[in-house]
Amino acid sequence: MPPQVADYFDADQLMRVRLQVRGRTRPIKGPKTGIFYGRFKQGDEFQIHRDDYAAHPVWFQLVDSSPSQGDPPPPAEDQPPANKVEATPFDLTSVKGVGESTAEVIVRRFDVHTAEDVAALTVDQLTSVPNVNAILAENIIKDAKEAIHVPAAG
């Protein structure tokens, strides 16, 4: 049996998560620890180090690992209900024509991690990335807007 991430870290350093990034099965490597967790697709559950979760929290949903999984606790009475918009995970490689290296350049250059971040980019910004032409840039923006259910312009 191959070693598991739990074999290397104390329980208080690990978190059980569900992958939220849409798209095909992909290799998951911790952005902070460099740990290769395996290949997963949206909805798969696994353990990650807390530093990797903190680096990209929109990629993962925390999973309660206790035996009884009930409803989440109600909001504290002294706090008004949160009206914040949830960040929508978005995998650039899910756009036809965008490979891993192009996606990495876009993420690094524009510090984008969610569909909302990508949808806010312009065609001019995206075409400054090698291998991205105007048509691909428009498709990237369109797919990001569809992920957050915003009608695409045009």
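The values are calculated or read from the model by the stated rules, or taken from the named source; none is laboratory data. Owing to the predicted nature of the structure, the values given are computational and were not obtained by experimental measurement. Don't worry about glycine lacking a Cβ; one is built from the backbone with ideal geometry, like all the others, and counts go over all protein chains shown.
Numbers below:
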| item | result |
| --- | --- |
| Residue count, the stretch 36-63 (criterion: among the aliphatic types (A, V, I, L, M) and surrounded by 17 or more Cβ atoms within 10 Å (Cβ to Cβ)) | 2 |
| Hey, Val85 hydrophobic (A, V, I, L, M, F, W, C) and either assigned to a loop (DSSP other than H, G, I, E, B) or at pLDDT below 90 (or both) or not | yes |
| Residues of the stretch 21-62 that turn out to be aliphatic (A, V, I, L, M) and within 16 Å of Glu100 (Cβ to Cβ), as a count | 2 |
| Matching residues, the stretch 89-125, being hydrophobic (A, V, I, L, M, F, W, C) and either assigned to a helix (DSSP H, G or I) or in contact (Cβ under 8 Å) with a residue 60 or more places away in the chain (or both) | Phe90, Leu92, Ala103, Val105, Ile106, Val107, Phe110, Ala115, Val118, Ala119, Val123 |
| Counted residues, the stretch 126-136 - those being surrounded by 15 or more Cβ atoms within 10 Å (Cβ to Cβ) and assigned to a helix (DSSP H, G or I) | 3 |
| Residue within the stretch 48-56 that is of a type in the set (D, E, K, R), assigned to a strand (DSSP E or B) and either under 12 Å from the mean Cα position of the chain (by Cα) or at pLDDT 80 or above (or both) present | no |
